[in-house]
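The structure appears below as structure tokens.
The values are calculated or read from the model by the stated rules, or taken from the named source; none is laboratory data. The structure displayed is predicted, hence computed values, not measured ones. Note that we place each Cβ from the backbone using ideal geometry, even for glycine, and neighbour counts take in every protein chain shown. Surface areas here come from the heavy atoms of the whole protein model, side chains and all, with no ligands, DNA or RNA. Shrake-Rupley method; radii C 1.70, N 1.55, O 1.52, S 1.80 Å.
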Amino acid sequence: MFAFPSLSRALSTTVLGLAAAALPTGAALAQAAYPSKPIRLIVPFPPGGGTDMIARTVAQKLTDQNKWNVIVDNRPGAGGNLGVDATAKSAPDGYTLVMGQTSNLAINPTLYPKLPYDPLKDLVPVALVSSSPIVMAAPVNSPYKTFADVVAAAKGKPDAVTLGYSGNGTVAHLSGELAENAAGIQLRHIPYKGAAQAMTDLVGGQIDLYMSSVPTLLGQVRNGKLKVIAITSAKRASQLPDVPTLAESGYKGFDAVTWFGILAPAGTPAPIVAQLNKAINQALQQPDVAEKLRSEGGDVMGGSPEQFTQLLRTEVPRWGKIVKDSGASLD
């Protein structure tokens, strides 16, 4: 049978066009197939700390509820910078994520003059996970019962009251600086390389006060060895409902917390980011996950990638100014 060449070409073009339209795009294919292998969630700190606990709680729930294989990979070093940098330099395919926090995303860009990554350019926010206030604790037999007691003592003898914290330029250190500036006092700072020795010295009375996140101190508070005299967040901590905030203590507007969130390398396809965001929010809404985070002194956050992005754009310059005002700097 003879067919007109023009009609044959037209029919062929139509059939090919319909076939092409029926095929999913590259982005859709990537999304449909994702994840087809283990997802690595980098924790830029050693095992056993607060960041590690949060990451493992979320990773386990993502594995259970979605039948994914989410593996926690601890990459400590340089104040969390090594793990974040490893993520920023990974392939943007959704298989390498990082549990970032206030220190390595908002503070370190100013604290470290030669930071190898830019959190606003080299990473894409996926979802906020939780937040935790910083608390000021003292030995249970300390004469300081409130922050007003600390202020009175410090004004009576400047630089006599000692304040410990884990590392220069940390959220705890800078929150202490903010509290001093707000109250117009001067404390004698005792920086530690880690929480273990600091907690020993605090319980033993070698230092007067210690600033840290709630998870670090909660166990010693519950067993009666420490007491919390002030909280830096705008609202009271759910695990310490009787402890007033600094804002309630007369320093209106005072708000300093450490937050945690999951990020991916810049360039990660938007459908994959959206899929991860949805799964993480679903995990955070589960009662066992929420209770686990709350039991460690944290508050569940969640939300969209855009909300996380906006937080970063606000927090980076805010903490950058605090770092500059404190004079802290690390190579």
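Of all positions in the range 320-327, none carries a residue that is out of contact with any helix residue (DSSP H, G or I) (no Cβ under 6 Å at 6 or more places or on another chain) and open to solvent by less than 20 Å² (accessible area, probe 1.4 Å). What number of residues within the range 255-276 are part of a loop (DSSP other than H, G, I, E, B) and either open to solvent by 20 Å² or more (accessible area, probe 1.4 Å) or over 21 Å from VAL221 (Cβ atoms) (or both)? Number of matching residues: 5. Restricting the range 179-202 to residues that are part of a loop (DSSP other than H, G, I, E, B) and small (Gly, Ala, Ser) leaves a set whose member that is farthest from the chain's Cα centre (by Cα) is GLY184.
Of all residues in the range 283-303, those satisfying the criterion of being touching a residue at least 12 places away in the same chain (Cβ under 8 Å) and touching a Leu at 6+ places or on another chain (Cβ under 9 Å) are ALA283, LEU284, LEU293, SER295, GLU296, GLY297, ASP299, VAL300, MET301, GLY302, GLY303.
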